[in-house]
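The values are calculated or read from the model by the stated rules, or taken from the named source; none is laboratory data. Computed from a predicted structure; not experimentally measured. Cβ: placed from backbone, ideal geometry, glycine included. Neighbour counts: every protein chain shown. Keep in mind that these areas ignore ligands, DNA and RNA; they rest on the heavy atoms of the full protein, side chains included. Shrake-Rupley method; radii C 1.70, N 1.55, O 1.52, S 1.80 Å.
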Amino acid sequence: MIDSEAGLVWACAPRVDGDPLFCSLLSPRSEGGESAAPSAGGSEPAPAALPRGEWRMSLENQVSVEQTYLRNTPILITRLTDADGGVAEIFDFCPRFEREGRMYRPVAFARIVRPISGAPRLRVALNPATNWGERDAATTRGTNHIRYLLKPQPMRLTTDAPVGQILEGRAFRLEEAKHFFLGPDEPFTGNVGHTLSTMLHLTTEDWRDWVRGLAIPLEWQRVVIRAAITLKLCQHEETGAIVAALTTSIPEAANSGRNWDYRYCWIRDAYYTVQALNRLGALDVLESYLGYLRNIVDDAKGGLIQPLYAVSGEKRIEEWEAPALAGYRGMGPVRVGNAAYYQVQHDAYGQIILSNVQAFFDERLFRKATVEDFQALERVGERAWETHDQPDAGLWEYRTRSAVHTYSSVMNWAGCDRLANAAAVLGLDDRAALWRERAQKIRERIEKDAWFAEGERFGASFGGGETDASLLQLVDMRFLAPDDPRFVRTFEAVERELRRGEHMLRYAAEDDFGLPETAFNFCTFWLIEALHLAGRSDEARALYERTLERLTPAGLLSEDTDFETGELWGNYPQTYSLVGLINCAMMLSKPWSAIR
């Protein structure tokens, strides 16, 4: 995460769910005031003047900063200008390209700074933190490198800039391009300037090749491309896991205490992510994620699936608070881990099946699903069947109450229904008949017990009349047709009770933290989809356009929006919200035939 003034303020290494070496986004309590003691090996602590957990580049007498992405890439260009007209440009990227038959993607941060005009003087303030912002990383130095003694993986900065000035945070005249490569603690071979310039070129070409293969809509192309790139960045490519967001503990509303760690793979969020990218034809993300899922299914005892896992596949994600970090804008606590991992959330069974089912049909995949894959998936289906009418915490992850949630039951209906489809294409007629029969029984139970007779509509839980936004997914799951009178009346109730102008709440009732203070952006996109399906397409387009006005300068969205002020809140970038941007654009756009 790079802020609007070229400060790298959030990054974790070696994994996205690890200890952040850059954490100033969450306000370290001691801003550089505590330094690590020198070691016997000549360790040099970073000077106290350097902000902790940050890598900032700035000019002396700086007066303006402009930022943009290199077209169709996640490579950020920041243009700095000083009071005397001196200008410098920073290219920020993480190397990623094919080399010698495999993908080269080190856990590394590359920065190239180029003088453009005048005589700019550059200051580089680099001070990684360790142990969740508790202290500065101890350092050792060489002629052209600085080692930062982080755990579990030390990092090494290789540069052609003056090492002494970096350690002391002193400005120097920028007369030629300077190159910075912060990566694993191993010798950097070759000329750092030539190598990073080549890496920049190859990374640019790799991303542009990937974007070129996307099947994007005619309208809102840049919005969709930026969302797709960012969703791909949310995948931990080593395992295929897809994280819900890249941050932790950005509150859902100011001083609300609704601060959660989203740097893990939720089965639900990942399902929606691959669904959106499939619509764009980005099958590489799906294939990698299916590999991750197959390992999760293999490791599941008796088919039992958690709501979320670490990107490594680890099951235990203990939740605790980091005392050295004050929080975003000082609004703590900063939570590490997420206690939802041991919650009961039955919708995960259906989502695993729905994520996998395409692999039984899609001839484009390198590895189509097999009978053995189906047999493993049936263990998940058995859990979907067994739990479809059992109480759970629901998709909104209530911590103090449970119910038989309609969304969870419908998702498990969908899982059984899609297993029947997979069995049929494999020629397993007896299994197809079994899963169809089970799907029909679940449907009948939902239609009976989730029906709220007084309102002539479905309720959010069995036997309850309350609404929540997940009821809008009855159409997306193909449980109801959009013109089914039961859905029409359900949509009317959801819109009446949960819509707040241009925003949509998840639910309106009090939860563990009181009444909701912000709208959930993904639910607003569900509203837009429902409006379109209800024949209110002009209204849907207008609402989508208004939502685009709230995008950050990077073209992205967080989890929540204050429905009074329009201010964004919650972890960022949120995969749910990016999925909504893509899905609605695909649904609402004019066809390409309109201009051909």
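Need one word for the range 104-151: rounded, prolate or oblate. Basis is the Cα gyration tensor (sqrt eigenvalues a ≥ b ≥ c); a/c below 1.5 gives rounded, then a/b vs b/c decides.
Cα axes put the range 104-151 in the prolate bin.
You can think of it this way: the chain between R79 and S402 has 111.1 nm of extra reach, that is 0.36 nm per residue less the Cα-Cα gap. Estimated purely from DSSP H runs of n ≥ 4, each contributing -39500 (n - 2.57), the mean residue ellipticity at 222 nm for the chain is -10500 deg cm²/dmol once divided by its residues. Solvent-accessible area per residue in the chain equals 40 Å², computed with a 1.4 angstrom probe and all protein chains kept. On the accessible surface of the range 108-198, probed at 1.4 Å, how many percent belong to carbon and sulfur atoms? Carbon and sulfur: 45 percent of the exposed surface of the range 108-198. Note on E98 and V344: the extension gain reaches 84.5 nm, defined as 0.36 nm multiplied by sequence separation minus the Cα-Cα distance.
3J(HN,Hα) along the range 70-86, derived from phi through the Karplus expression 6.51 cos²θ - 1.76 cosθ + 1.60 where θ = phi - 60°, amounts to 5, 3, 6, 9, x, 7, 9, 10, 10, 10, 9, 10, 9, 5, 9, x, x Hz, with x in place of Gly and Pro. For K301, the solvent-accessible surface with a 1.4 Å probe is about 150 Å², rounded to the nearest 10.
Do any chymotrypsin sites (Phe, Trp or Tyr not before Pro) in the range 365-413 lie in a DSSP loop with no more than 14 other beta carbon atoms within 10 Å, and if so, which?
Those that pass, being in a loop and sparsely packed, are F366.
Classify the range 270-344: rounded, prolate or oblate, from the alpha-carbon gyration tensor (a ≥ b ≥ c, eigenvalue square roots; a/c under 1.5 rounded; otherwise prolate if a/b is larger than b/c)? Write down the numbers at each step before the final one.
Details: a/c = 3.02, a/b = 1.50, b/c = 2.01.
Oblate is the answer for the range 270-344, as a/c is 1.5 or above yet b/c matches or exceeds a/b.
For the range 354-434, just say rounded, prolate or oblate: build the C-alpha gyration tensor, square-root its eigenvalues into a ≥ b ≥ c, call rounded for a/c under 1.5, and beyond that prolate if a/b exceeds b/c, oblate if not. It is prolate, given that a/c is not under 1.5 and a/b is the larger ratio.
With an 8 Å cut-off on Cα pairs and a minimum separation of 6 or more residues, tell me the relative contact order of the range 376-445 in percent.
Numbers: 74 pairs, mean separation 20.6, N = 70.
Answer for the range 376-445 is 29 percent.
Rolling a 1.4 Å probe over the protein heavy atoms leaves L568 with an accessible area of roughly 40 Å².
Of the GluC sites (Glu not before Pro) found in the range 347-378, those that fall in a DSSP loop while having at most 15 other beta-carbon atoms within 10 Å are E363. Label-to-label distance, D511 versus E168, with points set 7 angstrom from Cα along the beta-carbon direction: 5.2 nm. For the pair S64 and E237, a Förster radius of 41 Å applied to the C-beta separation gives a FRET efficiency near 0.70, rounded to the nearest 0.05. Taking the Cβ-Cβ separation of E382 and R550 as r and a Förster radius of 60 Å, what is the calculated FRET efficiency to the nearest 0.05? The calculated FRET efficiency here is 0.90.
What number, in percent, do you get for the relative contact order of the range 301-393 if the mean sequence gap of Cα pairs under 8 Å and at least 6 apart is divided by its residue count?
Reported as a whole number, the value is 30 percent.
Placing dummy labels 7 Å off each Cα toward the beta-carbon, the span from N255 to E186 is 5.0 nm. Note on D3 and I595: their simple-model spin labels are 3.8 nm apart, each label 7 Å out from Cα toward Cβ. For the range 62-131, applying the loop criterion from DSSP together with a ceiling of 15 other beta carbons within 10 Å to the trypsin sites (Lys or Arg not before Pro) yields R71.
Convex hull volume of the C-alpha atoms in the range 315-458, normalised per residue: 179 Å³.
Checking the Cα-Cα distances for K441/K590; K232/K368; K178/K315 against a 32 Å cut-off, the pairs over it are K441/K590; K178/K315. Remark: the L426-F361 segment gains 22.5 nm on full extension, using 0.36 nm per residue and subtracting the alpha carbon distance. Bridgeable lysines around K151 (alpha carbons under 21 Å apart, same-chain partners fewer than 8 residues away excluded) are absent.
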